[in-house]
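The values are calculated or read from the model by the stated rules, or taken from the named source; none is laboratory data. Just so you know, these numbers come straight off a predicted model, no measurement behind them. Reconstructed Cβ throughout: ideal geometry from the backbone, glycine too, with neighbour counts over all protein chains shown. SASA here: full protein model, heavy atoms, side chains in, ligands and nucleic acids out. Shrake-Rupley method; radii C 1.70, N 1.55, O 1.52, S 1.80 Å.
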Amino acid sequence: MEKRKKLKPWNEAMRLNHRGLKLFCKRYPQMVLSRFISVIWTALAPYVGIYLSALIIDEIAGKRDMERLQFLVTITLLCAALIALGSALLGKWRETQNAGLGLKMLGIYSEKLFGMDYADLDKTETAELLSTIRQNQNGNGWGLYRMLGSYEALCSAVLTLLGGISLTVSLFLSRVPESAGAYTVLNHPIFVVLVIAVMLAITYIAPALSNKAVSYWALNVDSHRLGNRMFGFFGRLGYQREIATDVRMYRQDRMCEKYNRDKNNTFGSNGLFAHLSLGPMGFYSAASSAMSVVFTGVAYVFVCLKAWAGAFGLGAVTQYVASITKVSGGVSGLISTLGDMRNNASFLETVFQFLDIPNNMYQGSLTVEKRSDRKYQVEFRNVSFKYPGSDNYALRNVNMNFEIGKRLAVVGMNGSGKTTFIKLLCRLYDPTEGEILLNGIDIRKYNYAEYMMLFSVVFQDFKLFALKLGENVGARADYDNDLVLESLKKAGFSEKLTDMQSGVETYLYKDYDKDGVNVSGGEAQKIAIARALYKNAPFIILDEPTAALDPVAEAEIYSRLNDIVGDRTAIYISHRLSSCKFCDEIVVFHEGGVVQQGAHASLVADENGKYFELWQAQAQYYTE
C-alpha cells in the first residue's frame, strides 16, 4: 500500500483552486461567466416561488379575499413563466459555452506540450505526469474539471444560504402569544439560541463527515493514481487497433483478465478502497446522511411548535420549512464544497506541476537568411551530448561538415548515436559540449522557429492522422492542391491515389469517415515522404525511409532519388546499406562517435573498417 499523504493546508488549497479558476477566466471568460450567471439564477429563483406560495396559502387560510388571491396567483404564474424562460435561455447559453469542455481542457495541456522544450517533452517523467493528470480526471473528475464544479457549488451554496436566511430570520423573531402557556418558552432568547446552535452544529457536522469520507481519496492519491493507470492500460487494451494482432495471436487478453478480475487490486472488491468503503469511508458517509435527517427533524419540530402555539399561520409554515431547509443546504453545501476543494488541491498540484515545467532552451533572435539557392552550410564542431539525467555520452567529439546539395548516408548499429545526431542537427536538443554552426554562426543564436523551417524530416516513428490525405501531406487545412499532388507523385503514391474516389480529399482511416481508406505501412511511409517534400525545406532528413517498402518499391524510390530530393541537402539514416550506394558520402557511427567517413567504394574496400563489417553482415545473405 502506498504511504498516505496529508491534506494541503487551507491557504495552499485555496491558492491552487483560485489559480485554476483564473486559468479558465483568462482562456474561456464567456464559459466561466455563463456558468456563474446560471448558478446565481438557479440559486435565487426558487425563493420567489417560496415567498409567493406562502402568501397564497396564508390568504386561503385567512381572509380569502378573491381579488387578492387572483392577483397573487397571476403574479406567481408570471414569475414562474419568466423564471422558466430565463432558466431556458441561460441554460442554452451555458450549454453552448461549455460544449466540448473536455476538449478545452485537452487544449490547455496540448498548448503546453506544443510550447514545451523537446528535451522536457522527451522525458519519461513528463509523459507520466500527463498520464497521471488524465487518469485523475477520468477518476471522479479530479483536477481542473472538479475545480470548476467546486466554484459553481461554492457560489450556489453562498447564494442559497443568503436567500434562505432572508426568509428565515422572521421565524426566530416571530413571538408565540402569551396566551400559549408553556409554549411561551419558545420566545426565550436562550431557547432560540440553543435551537440555532443545534441546527448549525448539525449543519456543520453533516458535510464535515462527508468531507472526511471523501478525504480518503486525496490521502491515498498515489494508490488512486496507480489503480487508474493500471485500469487504463489493462481495461482498454482491447480497444487499441495497433496491437490487436498481437493480443489475439498470443492471447494477451488473459493478462488483462488476470488483472481485471483481481479482487485485491486498488478498486477490487478486496482492495484498498473497498476496505475503506466498508470501514471509515462508509461510516462517515452514513453518519453524514443520518445527521442530515436529524436536522430536518429538528427544523420541522421547531417550526410546527411555533405554528401550533400561534406565532404564525399556515402559509408561514410552508415558507419557513422550505427556507430553513435551504439555509441548511447552503451551509452544508458551503462546508462540503470547501472540503472538496481542499481534497482536490493535491490533484490540482499535479496539474500545475505539469503546466509549470519551464522552457530553458534559448530561443535565439537572429533571423535565418532566406536563400533561394539553398546555400546553407552546417558544421558540427567538437559536439558531445549526454541525455538529461545520464552520465554517459550519447555522442562524443563529433566533427563534420555538410556539403550543400549532397546526399549523406548515416549508418551504424543500434545505439551508435545516429538518431541523437539528427535530433541535435534539428535542434530538438542542444549539445552538452561543442557547437553546431549554420553558415558559421552557432545555431542557438538563430530564431528557433525559423531554424526549424530549414528541415523536412521523416522520422521512423512518424504519425499520420485520420484526416484528409491532402491535409496529411500539407500539414494544414488550407493546403496547396497542386503541390500535394506533385509531392505524392514524387513519393511514388500516384498509383494508390488513382484508386481513391475523392482523391486528396479522401480521409485516411475510418475514425471520422466511414468511407475512409486504410493504408499499408509502405503507403503510409510514402505519404510521410510526400509531406516532407511538400514543406520544401533546404534539408531533407529520412530516417529509414524505405523500411516498410517492398524491394520493388524501394528500388523505385532510390532510382528516382535525385528527382525526389532535387537541390536539397539530403541525409539518410538507414540500416539497409544497399541504399548507401546512392549517396555521395557515408558517415559511420559507432559507440557515439564517427569512426569512418567517405564514399561507398572507399569504405567497403577497407576490410578493417566498421562499414565493411556491417556491409558483409548483410551481403552474406545475398551472395554465395
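Would you confirm whether or not region 363-371 contains a residue that is assigned to a strand (DSSP E or B) and open to solvent by 60 Å² or more (accessible area, probe 1.4 Å)?
yes
Limited to region 376-388, what total is found for residues that are open to solvent by 10 Å² or more (accessible area, probe 1.4 Å) and under 27 Å from residue 124 (Cβ atoms)?
Residues flagged as open to solvent by 10 Å² or more (accessible area, probe 1.4 Å) and under 27 Å from residue 124 (Cβ atoms) within region 376-388 amount to 3.
Among the residues of region 56-99 satisfying the criterion of being under 24 Å from residue 141 (Cα atoms), exposed (fewer than 13 other Cβ atoms within 10 Å of the Cβ) and not β-branched (Val, Ile, Thr), which is farthest from the chain's Cα centre (by Cα)?
It comes out as 92.
Quick check on residue 182: is it of a type in the set (Gly, Ala, Ser), modelled with pLDDT under 85 and over 43 Å from the mean Cα position of the chain (by Cα)?
Spelling it out, residue 182 is indeed of a type in the set (Gly, Ala, Ser), modelled with pLDDT under 85 and over 43 Å from the mean Cα position of the chain (by Cα).
So which of 141, 102, 107 is open to solvent by less than 60 Å² (accessible area, probe 1.4 Å) and not in a helix (DSSP H, G or I)?
Checking each option against the conditions leaves just 141.
Would you be able to say whether some residue in region 110-125 is β-branched (Val, Ile, Thr) and surrounded by 15 or more Cβ atoms within 10 Å (Cβ to Cβ)?
Taking region 110-125 and keeping what is β-branched (Val, Ile, Thr), we get 124.
Subset that is surrounded by 15 or more Cβ atoms within 10 Å (Cβ to Cβ): none.
No, because not a single residue in region 110-125 is β-branched (Val, Ile, Thr) and surrounded by 15 or more Cβ atoms within 10 Å (Cβ to Cβ).
Go through region 393-497 and tell me which helices (runs of 4 or more DSSP H), entirely inside it, have 1 or more residues that are over 32 Å from the mean Cα position of the chain (by Cα).
On the way: elements: 418-425, 448-452, 469-474, 481-490.
Per the criteria, 418-425, 481-490.
Looking only at residues that are modelled with pLDDT of 90 or more and not hydrophobic (A, V, I, L, M, F, W, C) in region 519-534, which one is farthest from the chain's Cα centre (by Cα)?
Here the answer is 534.
Based on what the data block shows, is residue 323 part of a helix (DSSP H, G or I), more than 27 Å from residue 59 (Cα to Cα) and of a type outside the set (D, E, K, R)?
Against the criterion (part of a helix (DSSP H, G or I), more than 27 Å from residue 59 (Cα to Cα) and of a type outside the set (D, E, K, R)), residue 323 does not qualify.
Report yes if residue 301 is under 30 Å from residue 58 (Cα atoms), part of a helix (DSSP H, G or I) and open to solvent by 60 Å² or more (accessible area, probe 1.4 Å), otherwise no. Talk me through it step by step, then tell me what you get.
Working: under 30 Å from residue 58 (Cα atoms): yes; part of a helix (DSSP H, G or I): yes; open to solvent by 60 Å² or more (accessible area, probe 1.4 Å): yes.
Answer is yes for this residue.
Yes/no per residue for (1) open to solvent by 50 Å² or more (accessible area, probe 1.4 Å); (2) in contact (Cβ under 8 Å) with a residue 60 or more places away in the chain:
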| residue | (1), (2) |
| --- | --- |
| 390 | no, no |
| 401 | yes, no |
| 408 | no, yes |
| 411 | no, yes |
| 421 | no, yes |
| 431 | no, no |
| 434 | no, no |
| 451 | no, yes |
| 462 | yes, yes |
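Conditions tested, residue by residue: (1) open to solvent by less than 60 Å² (accessible area, probe 1.4 Å); (2) not in a helix (DSSP H, G or I).
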{"site": "259", "(1), (2)": "yes, no"}
{"site": "270", "(1), (2)": "no, yes"}
{"site": "285", "(1), (2)": "yes, no"}
{"site": "297", "(1), (2)": "yes, no"}
{"site": "305", "(1), (2)": "no, no"}
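Among the residues of region 441-449, is any among the polar types (S, T, N, Q), out of contact with any Pro (no Cβ under 7 Å at 6 or more places or on another chain) and surrounded by 17 or more Cβ atoms within 10 Å (Cβ to Cβ)? Please lay out each step first, then the result.
In the first step, residues of region 441-449 are kept if they are among the polar types (S, T, N, Q); the result is 447.
Add one more test, that the residue is out of contact with any Pro (no Cβ under 7 Å at 6 or more places or on another chain), and what stays is 447.
Pick out the ones that are also surrounded by 17 or more Cβ atoms within 10 Å (Cβ to Cβ) and you get none.
Scanning region 441-449 turns up no residue that is among the polar types (S, T, N, Q), out of contact with any Pro (no Cβ under 7 Å at 6 or more places or on another chain) and surrounded by 17 or more Cβ atoms within 10 Å (Cβ to Cβ).
Could you tell me whether region 21-38 includes any residue that is more than 20 Å from residue 330 (Cβ to Cβ), among the charged types (D, E, K, R) and part of a loop (DSSP other than H, G, I, E, B)?
Looking through region 21-38, none of the residues is more than 20 Å from residue 330 (Cβ to Cβ), among the charged types (D, E, K, R) and part of a loop (DSSP other than H, G, I, E, B).
Of the conditions (1) in contact with a Phe, Trp or Tyr (Cβ under 9 Å, 6 or more places away or on another chain); (2) within 22 Å of residue 518 (Cα to Cα); (3) open to solvent by 70 Å² or more (accessible area, probe 1.4 Å), residue 476 clears all except one; give me its number.
Every listed condition holds for residue 476 apart from (1).
Find the residue count for region 241-257, including only residues that are outside any helix (DSSP H, G or I) and open to solvent by 80 Å² or more (accessible area, probe 1.4 Å).
Qualifying residue count for the region: 2.
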